[in-house]
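A quick write-up on the structure given underneath.
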């Protein structure tokens, strides 16, 4: 009775969107705890191997996000019957693509071991087995995102995170095998849990009727552009860790991995605003209503969060690193605020790109791709020290944000002139 009274009292405040944001914070907190605890248990050298798998997981999430965002967008755009036909098609393509990716990872596991200087190739084989499940999970999440069914969407993220954390912890203390393989097993099992809840009635590969050519072109264009943008996300977000693992010794690579995990807090918090932004902007556009206020609202949130994290990293770097990873990682304390600055600026520019993607304006996506390649090129040519790697990212991300903001104002000026 008391709980019911409390819920009735606070239900206007705890809207589905706010509950989802709270859930995302819990998921990100759980994922950070996952990284932090294994950073402490394994130490810098072994954690470098684990960081490669974690980075592979992030890369996979960006690739699969193409399917999720496409599903979410066209849930809003298409009528019910047309969406069901579209859903059959995207499940089919997601399954085929997932199987191909998984098989390629398994076939080239030895080459991946050599490229990233890992202790085992088996960890890539185990990871590859789970890849098809992740693509099915992403389409399922896209349905919930488009429906704004934030409770179900929250559950899929919670079950994935909790199962990975708890099962990996249990396995690392019970199995006497390579720690990187244990990490891979935990990731594989978590993909299965991430499918909960899953509506099997939606998993139908038979298309009742063909999608019209104009609609097919609309879907194809959005999918290709989104895939391209997610590729730029992979380059900007993960190429630095993989390049550092390639160019530096394991100990330094492990230190850098811990730096990246702490510094990216602002990016992963910003991600929940992207999830909320896309269906909202698409719906407002469909209704002929203004959308810029949604962008400004989320830009304000991210800028405030980024400012707090960068300031804390600059004022208390040793305290932050000691509390999160331990004294073994203190060597990168001076770089913490710099890395947080790079990711904070990227999170802001990323929001502009997703905003325009929602409006079917694709030039900011191409801009992000150019700067992603620029960042990777700069790191390849300038990697004498970890500090130099971070500086290259700061330069690239500030330039990217400036260009994205300029494009926004030019676009607004054009809209005003045409109205």
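The values are calculated or read from the model by the stated rules, or taken from the named source; none is laboratory data. What you are looking at is a predicted structure, and each value in this text was computed from that prediction instead of being measured. Positions of Cβ are backbone-derived with ideal geometry, glycine not excepted, and every protein chain shown enters the neighbour counts.
Listing for the model above:
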item: Test: residue 373 is assigned by TED's automatic domain parsing to the domain that holds residue 345, buried (at least 17 other Cβ atoms within 10 Å of the Cβ) and more than 20 Å from residue 257 (Cβ to Cβ); result: no
item: Test for residue 370: is it within 25 Å of residue 226 (Cα to Cα), at pLDDT 85 or above, in a helix (DSSP H, G or I) and under 22 Å from the mean Cα position of the chain (by Cα); result: yes
item: Single match in 306, 417 (criterion: closer than 19 Å to residue 277 by Cα, at pLDDT below 90 and in the same structural domain as residue 272 (by TED's automatic domain parsing)); result: 306
item: In region 281-333, residue surrounded by the most Cβ atoms within 10 Å (Cβ to Cβ) [restricted to those that are free of Cβ contacts under 8 Å to residues at least 60 places away in the same chain and not in a helix (DSSP H, G or I)]; result: 316
